[in-house]
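Nothing in this text is a laboratory measurement; each read-out follows from the coordinates by a stated rule. Keep in mind that what you see is a predicted model, and the values were worked out from it rather than measured.
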Amino acid sequence: MILVISSSLHPNSRSRLLAFAACERLKKMDRPFELLDLVERPLPFCDGHSAYGQPGVAEAIDQVQRASAVLLASPVYNFDVNAAAKNLVELTGRAWNDKVVGMLLAAGGRGSYMSAMGLANSLMLDFRCLVVPRFVYAVGDAFDDGQITDETALVRVDQLVEETLRISDAVRPADTNPAS
Ligand SMILES: Cc1cc2nc3c(=O)[nH]c(=O)nc-3n(C[C@H](O)[C@H](O)[C@H](O)COP(=O)(O)O)c2cc1C
């Protein structure tokens, strides 16, 4: 199963549209996936203590654990992913071990394109994730009226999904079976 995470808490989020586009691509490829949308499934702040027992956390850990690869769609906030994405990683911790991870970012400006690297470093060093060296990075003019209107952005989403599956299937051959 491929887990698609949408971490924006904005009601009209653009990065959520990137997550939806990734889900569409997975559907077309007949690959099983689940969507974890943090607007629909709000999580408590990680305190390293009792938060792990709060509603929704065990389900999130289970979802990440069952995934062979994770596609994380996040807003860029302060040259980083948003705090909700970081909080999810803090809450789910070791469930990320050895995952293949692809990232899709929506940003306000073109200059923040390296904003996924902080999280990428921590996923690699903490959890030995294989971070796909291809990012989707889209700014405001790629979207209009709740849709992705930039053809290049859509192509990049497809490329990221395909590349993530290619790597994940190569390192975890059991997952090449679409039914798994
Ligand atoms: C608190 C905050 C910080 C932001 N920081 C950046 C930034 O560092 N670089 C940037 O390009 N855009 C930044 N933005 C703009 C957002 O990345 C942009 O609005 C994006 O569409 C948000 O994603 P979303 O629509 O999925 O919520 C920031 C927006 C907010 C609200």
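Per-structure values
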{"item": "Projected-area average for the chain over all orientations - Cα convex hull basis, square nanometres", "result": "9.6 nm²"}
{"item": "Relative contact order for the chain, counting Cα pairs under 8 Å that sit 6 or more residues apart, in percent", "result": "25 percent"}
{"item": "Under 12 Å from the Cα of Lys28 - aspartates and glutamates, other chains or at least 8 residues apart", "result": "Asp158, Glu162"}
{"item": "Expected 222 nm ellipticity per residue - DSSP helices of 4 or more, -39500 (n - 2.57), all of the chain, to 500", "result": "-11500 deg cm²/dmol"}
{"item": "Overall dimensions of the stretch 58-121 by Cα: Rg and Dmax, Å", "result": "12.1, 37"}
{"item": "For the stretch 47-95 and the stretch 113-136, distance of Cα centres in Å", "result": "14 Å"}
{"item": "Amide hydrogen neighbours beyond the local backbone of Leu72, cut-off 5 Å, H modeled", "result": "Ile5, Gly102, Met103, Leu104"}
